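Colleague: Questions regarding the structure given below will be posed in turn.
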Amino acid sequence: MMPDVERLAERFANDSYHIDNIYRLVIQPKSVHRPFRTLKYGFLFIIRGSVRISVNDTIYELRRGEVFHAAPDMHMEAKVISESELEYYSVFYSLGKMSVEDSNHECNSHFKLEVETIPKVIELLTMLHQNADTPGGIGKLRVKEIFLSIMHQVLAGHKHRVNTNSANKEVIEEAISYIKRNYMNLLTLEELAAIHAMNTKRFSYYFYKYTGYRPIDFVIQYRMERASELLKIGNFPISDIAVSVGYANPLYFSRAFKKKFGVSPSAYIGNDD
């Protein structure tokens, strides 16, 4: 599930809670944790490596820069899925009685967050671990101060990432519409990225993230779909269809078409499938 980070921030800013334990662990590749029931509220901060966690039959794959939260009495299993060691910090905490009784409490759920300022969070986690056993009220205050700094970095970073991804998704949707209107014209990655105010690397990354295709591969796939429609509706020369979908060279078009459909354009004309 996706937590409401503003509500979660309100909880840690205003509610009563206590930091119980802080651990740093390094787990060997391919290690499997036997099934268990969680006993406390807790966060896992992934520093390196990756792990697949099942919690109440929901699967999470966690990698560097991601944070996982679980509540008490949840069924959990875990397996390291990276070739390298898994390193993470775990922070366990207790809630005040009124917070625990609130069934809508954000902390009573499991969820994943993505961190933007990873080096800063690692620095703070190291400090938190080093100060975990500092005695006295001043020591406890220091632990809570560091923990709140971590939560601010995590929640603010996650919110910014979500907002940025939402904006980027809108840009890619606009790019898809642009391609569908202009597929018959010469389209380059540089032109598509520039039109949508991104550099080529960033544009290609987000286009693939939201469509599963690299931009130019998407252009080719869309051209081939339009070509197949033209082949089915009329007895047009292959050269005319090639030009209609953006290929001046009929031979190059035929190769691209066969790569997509497994047959040449001329063979496709008689295929009703």
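Colleague: Mind listing whichever residues of segment 55-71 are without any contact (Cβ under 8 Å) to a residue 40 or more places away in the chain and buried (at least 16 other Cβ atoms within 10 Å of the Cβ)?
Modeller: A71
Colleague: Every residue in segment 1-48 that is part of a loop (DSSP other than H, G, I, E, B) and not β-branched (V, I, T), please.
Modeller: Answer for segment 1-48, where residues must be part of a loop (DSSP other than H, G, I, E, B) and not β-branched (V, I, T): M1, M2, P3, D4, D15, S16, Q28, P29, K30, S31, L39, K40.
Colleague: With on the phi < 0 side of the Ramachandran plot, within 19 Å of the chain's Cα centre (by Cα) and of a type outside the set (D, E, K, R) as the only criterion, which of L25, L8, L62 stands out?
Modeller: L62
Colleague: Restricting attention to segment 127-164, report how many residues are modelled with pLDDT of 90 or more and part of a helix (DSSP H, G or I).
Modeller: Within segment 127-164, residues that are modelled with pLDDT of 90 or more and part of a helix (DSSP H, G or I) number 25.
Colleague: Would you say S149 is in contact with a strand residue (DSSP E or B) (Cβ under 9 Å, 6 or more places away or on another chain) and among the hydroxyl-bearing types (S, T, Y)?
Modeller: Here the answer is no, as S149 does not meet what is asked.
Colleague: Where the second residue is part of a loop (DSSP other than H, G, I, E, B) and surrounded by 13 or more Cβ atoms within 10 Å (Cβ to Cβ) and the first is among the aromatic types (F, W, Y) and lies in segment 19-42, which pairs have Cβ atoms under 8 Å and are six or more apart or on separate chains?
Modeller: Filtered contacts from segment 19-42: Y41/A71; Y41/P72.
Colleague: Going through segment 78-99 one residue at a time, which ones are open to solvent by 40 Å² or more (accessible area, probe 1.4 Å), in a strand (DSSP E or B) and either at pLDDT below 95 or within 15 Å of I47 (Cβ to Cβ) (or both)?
Modeller: S94
Colleague: Of all residues in segment 1-26, how many are closer than 30 Å to S84 by Cα and open to solvent by 40 Å² or more (accessible area, probe 1.4 Å)?
Modeller: Of the residues in segment 1-26, 8 are closer than 30 Å to S84 by Cα and open to solvent by 40 Å² or more (accessible area, probe 1.4 Å).
Colleague: Then there is this: Can you pull out every residue in segment 62-71 that is of a type outside the set (A, V, I, L, M) and modelled with pLDDT of 95 or more?
Modeller: F68, H69
The values are calculated or read from the model by the stated rules, or taken from the named source; none is laboratory data. What you are looking at is a predicted structure, and each value in this text was computed from that prediction instead of being measured. Glycine also receives a Cβ, built like all others from the backbone with ideal geometry; neighbour counts cover every protein chain displayed. For accessibility, only protein heavy atoms count, side chains too; no ligands or nucleic acids. Shrake-Rupley method; radii C 1.70, N 1.55, O 1.52, S 1.80 Å.
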